[in-house]
1. Assess whether L343 counts as being more than 16 Å from ligand 1 (Cβ to nearest atom) and surrounded by 20 or more Cβ atoms within 10 Å (Cβ to Cβ).
2. Looking at Y317, is it at negative phi, under 14 Å from the mean Cα position of the chain (by Cα) and within 16 Å of ligand 2 (Cβ to nearest atom)?
3. Filtering segment 560-591 down to residues that are farther than 14 Å from Y20 by Cα and of a type in the set (F, W, Y), which residue is farthest from ligand 2 (Cβ to nearest atom)?
4. May I ask you to list the residues in segment 124-137 that are surrounded by 14 or more Cβ atoms within 10 Å (Cβ to Cβ) and in a helix (DSSP H, G or I)?
5. Out of all the residues in segment 187-207, is one or more crowded, with 22+ Cβ neighbours inside 10 Å, under 22 Å from the mean Cα position of the chain (by Cα) and within 16 Å of ligand 2 (Cβ to nearest atom)?
6. Taking the conditions exactly as written (buried (at least 20 other Cβ atoms within 10 Å of the Cβ) and assigned to a loop (DSSP other than H, G, I, E, B)), does R326 satisfy them or not?
7. Within segment 364-388, count every residue that is part of a loop (DSSP other than H, G, I, E, B), more than 14 Å from ligand 2 (Cβ to nearest atom) and in contact with a helix residue (DSSP H, G or I) (Cβ under 8 Å, 6 or more places away or on another chain).
8. Please find, within segment 282-323, the residue that is nearest to S242 (Cα to Cα) out of those that are aliphatic (A, V, I, L, M) and not in a loop (DSSP other than H, G, I, E, B).
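The values are calculated or read from the model by the stated rules, or taken from the named source; none is laboratory data. Note that the structure is predicted; figures quoted are calculated from it, not measured. Because the Cβ atoms are built from the backbone with ideal geometry, glycine has one as well, and the counts that use them run over all protein chains shown.
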Amino acid sequence: MSFGGVKSDPHVVLNETFGYDSFRDRQLDIIQTVLSGKDAMVLMPTGGGKSLCFQIPALCMEGTAIVVSPLIALMKDQVDALRQNGVPAAFINSSIDSREIDQIMTDARMGRIKMLYLAPERISDQFWRYLSNLNISLFAIDEAHCMSHWGHDFRPDYRALAVIKDKFKDIPVIALTATADKYTREDILEVLNIPNAEVFISSFNRPNIKYLVEPKRRSSDKLLTFLKTRKDKESGIIYCLSRKSTESLADLLNLNGYKALPYHAGLSADQRDSHQMLFQKDEVNIIVATIAFGMGIDKSNVRFVVHMDLPKNIESYYQETGRAGRDGEPSVALLFYTYADVLKLKQFVEIENNEEQSHLMLKKLDQMAAYGSSNSCRRQYLLNYFDEDAPAKCGNCDICLSSYEEKDVTTDAQILLSAVVRLKESFGMNYVIDVVTGSRSKKIRDAHTRIPTYGKGDHHPKKYWLKLCRYLLDDGYVDMTSGKFPILTVNGKSWAVLKGEQPVIISMRKTKEIEVRQESTDDSVKYPDLFKALKKVRTEIAVNKGLPSYIILSDASLRDLVNKMPRDYTQLQSVSGFGAYKVEQYGDFFLKVINEFIEENSIDPDKEKTATIVKPPKPRYVEKLTPTLLETYEMFVKNPDIGFIAETRGMSPATIENHITQLIYHQKIDIHELIDTSLILEIEEAINRTDTIWLKPIKEALPEHVTYAKIRWTMAAYEANNPK
Ligand code: ADP
Ligand code: ZN
């Protein structure tokens, strides 16, 4: 497909080029702002759909759009994805040699490139001169927080962009980022010199991500349980604090049959690239990484992100978990939390000779810890952290999904608090608890064994007191100093408890540890078999093109294919992600699989649209035998070999099996020719026992060799003999 004239309507481009029906959220406002020649700044969470905000204006306008993006892998991904939609795009970064660059420059000058991606370090004086020869439609600055000192990922090269407005006064600039606090935002506008840019801030909520926090005990076992409930081919990232643990965990996963690779700064650049590439291409499903992993990756079908250790702050946690579910499909973020991690991290977050910065970092760590130990909705906590209002319950986090019971622990709280007071507010949590539980350890000073609270709490194990103490800390019933040797101190709320004015009620999860279980996405689709078959087609195309599968088509598109069951090109166009180019390039492959599936399973796609069918239903029967059924019948009489009939007729064996179902129902074929009487009885028994109209549970109740076809035949024979 060649790129024709200028398409001026954003809706048409959205539909024809990208295959989507409607704009999300503020996308259209943003696009129209840019189209009207104004500058814009866009803050949207990862996966929110930032790319379309500059790609669509670029396609609506004449000339070439210049897109600045800091990461080579990301750039290549976007350009590949654009080309898969028939958009002429190119990129220039350190992986491109000078001859290729010359070619790209020439193409751009001739108007043969609609979108040119650039790494910021490529921007030199010579480059600006070159750009002045182009007809530029707009400048898009992706990951714009990189230009700010305030951002967490400052890149000095980005500062070179400060001159854009001097050099190209009338060309709109759009800056985009997924993470920017107030200071970073102001900085971006200032550096780019776009004070009048229209600012678009989207909600940072990621509704498709389920947030789970699990106590970090036997965490590798729990991880394995968690993985067992996922589909084998699902992609996930597991973050660990140390290089060593990424290696050992990756080994453990491989031993357990998962394809996992480590990723950390100790590996050579080549190794890192190759591990990342294997992950991108779905050849490896799990990456076990330190935080060194992620910036360069734009994989949209990551289904889970696990943190084996506590991140240092909410910003990092949110960014890392945000790598899950960019395609909008249900995904999980699982954190293993223990207070011990907080203590361990304290040494790491402090910055030498910078008290102010250390203080800030410790505070951020405390806020991260509070997230882990919180008893209220995780999503609400996260959104509030980013200054966004949120309802008290999201319904999609471990807290909202668990049930609780309340327990009055006032007496125990009084014991603990009075120990803090008797110890003159001079000791840490462990020491106080040792005193409360009457520890015989030599650490305990003699004088302290004589205070009234010594041993008052020996009716509970130490673990209980630690938990209670953390709870009291979280709810402000006691305070703790910061620094390397934190000390427990009392406050007004503590005194209210001690005086009996304030009861302490804690709500405990009834389900002690929430099950790290989640319905896998493949199962939630109407026809898992069709989904699988379509996935296979996608993989074949991807391998053939040497591209990752999700660049060819997202999981969301596959799901939409299953839902809509298009049978021809026109219907295919209404499937999400199928723009004109993809329909033309790949339509046949997908349509073939769908049409076969429809035929083999005697599905009526028009009825399907309204039905809420989960598993293949009972067979449907034709009213009258058609010529093709009769032809199968003729052949069957001569030679009842299904494989042979299928081959001779050029049909799939499943189709012939379905024909036979119909022939049995119409009493042309006697089922006893196909199945032994004893097995027929066994199948009938299973049908009665499972008492369901779905085939799958019946199949599961029978020995493995009993195929779906045999079950359908038995049903057909039964219904033929027992008409309603
Ligand atoms: P971001 O850059 O903000 O992280 P992307 O631009 O990569 O997000 O978009 C995330 C996913 O959402 C992509 O698969 C993209 O094709 C899809 N998407 C974006 N806008 C729409 C839309 N209006 N309708 C359907 N899908 C969309
Ligand atoms: Zn919640």
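1. Values: more than 16 Å from ligand 1 (Cβ to nearest atom): yes; surrounded by 20 or more Cβ atoms within 10 Å (Cβ to Cβ): no.
When the stated conditions are applied, L343 does not pass them.
2. On the way: at negative phi: yes; under 14 Å from the mean Cα position of the chain (by Cα): yes; within 16 Å of ligand 2 (Cβ to nearest atom): yes.
Yes, satisfied.
3. Y569
4. Looking only at segment 124-137, we keep the residues that are surrounded by 14 or more Cβ atoms within 10 Å (Cβ to Cβ), and these are 127-128, 130-131, 134, 136-137.
The answer is F127, W128, Y130, L131.
5. Yes, some residue in segment 187-207 is crowded, with 22+ Cβ neighbours inside 10 Å, under 22 Å from the mean Cα position of the chain (by Cα) and within 16 Å of ligand 2 (Cβ to nearest atom).
6. Values: buried (at least 20 other Cβ atoms within 10 Å of the Cβ): yes; assigned to a loop (DSSP other than H, G, I, E, B): yes.
Yes: the conditions hold for R326.
7. 1
8. A289
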